[in-house]
1. Between SER782 and GLU588, what's the calculated FRET efficiency when r is the beta-carbon distance and R0 is 41 Å? Round to 0.05.
2. On full extension of the chain, what length is gained from HIS480 through ALA59, given 0.36 nm per residue of separation minus the C-alpha to C-alpha distance?
3. Tell me which chymotrypsin sites (Phe, Trp or Tyr not before Pro) from region 660-735 have a DSSP coil assignment and no more than 11 other beta carbons within 10 Å of their own.
4. Residue farthest toward the positive end of the dipole of the chain, with Cβ of Lys/Arg at +1 and Asp/Glu at -1: which of PRO127, PHE327, SER402?
5. For region 281-359, report the accessible area per residue in Å² (1.4 Å probe, heavy atoms, rounded to an integer).
6. Once you have a ≥ b ≥ c as the square roots of the Cα gyration tensor eigenvalues for region 347-418, tell me rounded if a/c is under 1.5, and otherwise prolate or oblate according to whether a/b is larger than b/c.
7. With a probe of 1.4 Å, find how much accessible area region 418-567 has per residue, and write the answer as a whole number in Å².
8. Loop-only check: which GluC sites (Glu not before Pro) in region 153-216 are DSSP coil with at most 10 other Cβ within 10 angstrom?
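The values are calculated or read from the model by the stated rules, or taken from the named source; none is laboratory data. Note that the structure is a prediction, hence the values are computed from the model and not measured. Note that each Cβ is placed from the backbone with ideal geometry, even for glycine, and that neighbours are counted across all protein chains shown. Protein only, heavy atoms only, side chains kept; ligands, DNA and RNA dropped before computing areas. Shrake-Rupley method; radii C 1.70, N 1.55, O 1.52, S 1.80 Å.
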Amino acid sequence: MAHKYVYLFQEGDGSMRNLLGGKGANLAEMVKLGMPVPLGFTISTEACTRFYDDGKVIADDIQSETDIALAEMERETGKKFGDKANPLLVSVRSGSRASMPGMMDTILNLGLNDDVAAGLIAGNSDPEFERFVYDSYRRFIQMFSDVVMELNKKEFEVIIDDMKHARGIKEDSEFTAADMKEMVALFKAYYKKNKGVDFPSDPKEQMMESVKAVFRSWDNPRAHSYRRMNGIPYSWGTAVNVQAMVFGNLNNNSGTGVAFTRDPATGESALFGEYLLNAQGEDVVAGIRTPNQISQLKKEMPEIYAEFAAIADRLEKHYKDMQDMEFTIENGKLYILQTRGGKRTATAALKIAVDLVEEKMITEEEAVLRVEPKQLDALLHPQFDVKALAATTVIGTGLAASPGAASGIVVFTAEEAVHQSELGEKVVLVRLETSPEDIEGMAVAQGILTVRGGMTSHAAVVARGMGVCCVSGCGDIKMHASEGYFELGGKKYNRGEYISLDGSTGKIYAGSIPTVPATITGNFDLFMSWADARRTLKVRTNADSPRDTIQAVNFGAEGIGLCRTEHMFFEATRIKAMREMIVATEVEARKKALAKIMPYQQGDFEAMFIALEGRPMTVRFLDPPLHEFLPTEDKDIAQIALELGMTDTDLKAVITSLHEFNPMMGHRGCRLTVSYPEIAEMQTTAIINAAIKVNKSHPTFNVVPEIMIPLVGEVKELKYVKDVVTKTADKLIAAAGVELKYMVGTMIEIPRAALTADEIATEAEFFSFGTNDLTQMTFGFSRDDAASFLDAYYNTQIFEFDPFGTLDQKGVGKLMKMAVELGRKTRPNIKLGICGEHGGDPATVEFCHNIGLDYVSCSPFRVPIARLAAAQAAIKATK
């Protein structure tokens, strides 16, 4: 039997998501439930994969299956594709298995041409119907030209604006039927001028070119960006949904809308959404017209509203989750075009999860799986300082589309946003309306401000998904982007000036407003208690100061997995002594300089041990190469030479002697301690003395320091440094007359350490995987320089994800798994953790759970993310 690539909606169901994509599977499921869904069929994700395998052509057997499905649609509707008297018009939409709102391309009203348009009008003499036909036709030409033929859609908007100006009108709705017909002619002329051929009139050619375009759109830059940000594999592909058109722009008894079964910003259990009468779906989500609230539909079309509300309630109960639905009303009849799990803010996600448990719709375990770990990030960021906010004047108000507080300089394009962000600036992206092409700029922006669009516009939906503050639909703004400013409240705000947005209220402010840390209670605490009850992986934090330690503990950290001691040396009160140590030529001079640093280190450790209240802390010995502590500019060298009592020439000689061609693989980590064991002596003294002192003042804490030796690649290195540590520590403990347990372990960050982990475990009591260095040494490229060429790797699908953002499980992960197995073979009770930046990445956390690590460690603000990811990993493992 031949492989099947095309499925009528009635042939599928909701379990076929991987094959039919999310949209296709949900359409099939709604048909199964007997809901008013327009007829259609889905070309599977496997067809997309084959399209690329076959060199971006659609195979004859897929073409043949599509023709058969189309013929079945014709039979069921009684309409015929390309027929002049009773034509079948269709939409072509993408739909991957993971929701990618606004990332893929859509074509509506496909099947129209001059003859079909004339035939439709001949059967209905109403001038409004003629206007509807040509309105639909011009929309189709514009979409097809943009999506399929890659003509700039903005040029079509210029044609529309020129026609408005010539007629002295402002709204699209003011165009007459004759105007729309003229617009079609102008659009086709523009197409021919740019493409050198007439606009295609054969409906089947229109169809297959559109299907190819949807497949191609899986490979476009914005899709790449979205997949990379959301961990969606390229190999999944997208399905294509072909559906009979229903027309919200038919007349004033027609309309279109988007609605959620709960408020996607707050989680409130009430129907939430927007609609427009006499419009097509793109008008609502594109933000071209500002829509009405869904509650208004209850007054305008009470029967339709009641039917829709009942369907919405049924869908939520069926899927046991908040639904995002698209609907069209055609001449008083309701159709459901799509349903999916709705994108929601972090606040809403927690409330919905908790409420669904209380409503006995789902279990606590199911609730834990419902919230994306990365979403929690949005709860943990600062809000505006209340006093500063009270003293600031509101300059405008829009819709509170995505909560949070943002201040930044005004930019008008995604490219500007990316450029300024790379320069270290915080930016607010100000747009008439956003489109999928803006995705990279939206990702780096602190906030997004749009003139047009409602709560379900592209800007609002994507910003909520990213956790980016957004204020949409501020119609009072007059945009002059090409001149580099916008007007609001009679004032100009120029490119590069600071503005501030409150995405929770929709208010806009001039200037930059100070912020205060976020506070998290209520649903968060309850929800996280469910997560904590189910995870087995501990979550620690990477912290180098008492302040960061306290912050992390408040976020639920169960200890410190990485304290980078070198960060303590850079403070102004300590850096001079550090430099004295570096320039010293004799051991005694080095020890004298280190003795000045030791009290500072001990004081920091004491404060952190106290903040941890008995939770464990892993302290990493000095890691970076020594040249990082010395200046590079002549004026700085002169100043520091004076402070150190040296000549400029002598200091420059020291700096030159420390120069390395590849410092990240040079004289650093344990290699420094092998050369200068007095460094290890000083750091051990600071750690042990701090632990003894805190245990005396807080006997219930029972501090057990964990001393970590970095960059070990050979067991003899570790033994050499460990001997220095134990000799120093044991002497101090004996002198104090106390009992104090401590542990000595190492970072596994050199591939050789992973390969010889059984030997290293003879000396190490714990391993902590330093995946930043392990990744760069395994791949053989520098994490500081890789960004300059990784884009080429993403564009060619050599890499799908940044290996420094999400762990490479095949290569680096294999080394980790090997080290775990070898280490436990030698020392069954060895403690195992990860302390690289990967420790807060959900996919990496799941991997760490699966290979049997004891803990992950990440930055303080990622602790809740790791806690939830660890819980989800534990739940998935049992399933």
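1. E(calc), rounded to 0.05, equals 0.65.
2. Extra length available between HIS480 and ALA59 comes to 146.8 nm.
3. PHE661
4. SER402
5. 41 Å²
6. prolate
7. Here the per-residue accessible area is 39 Å².
8. Taking region 153-216 and a limit of 10 other Cβ atoms within 10 Å, the loop GluC sites (Glu not before Pro) found are GLU171.
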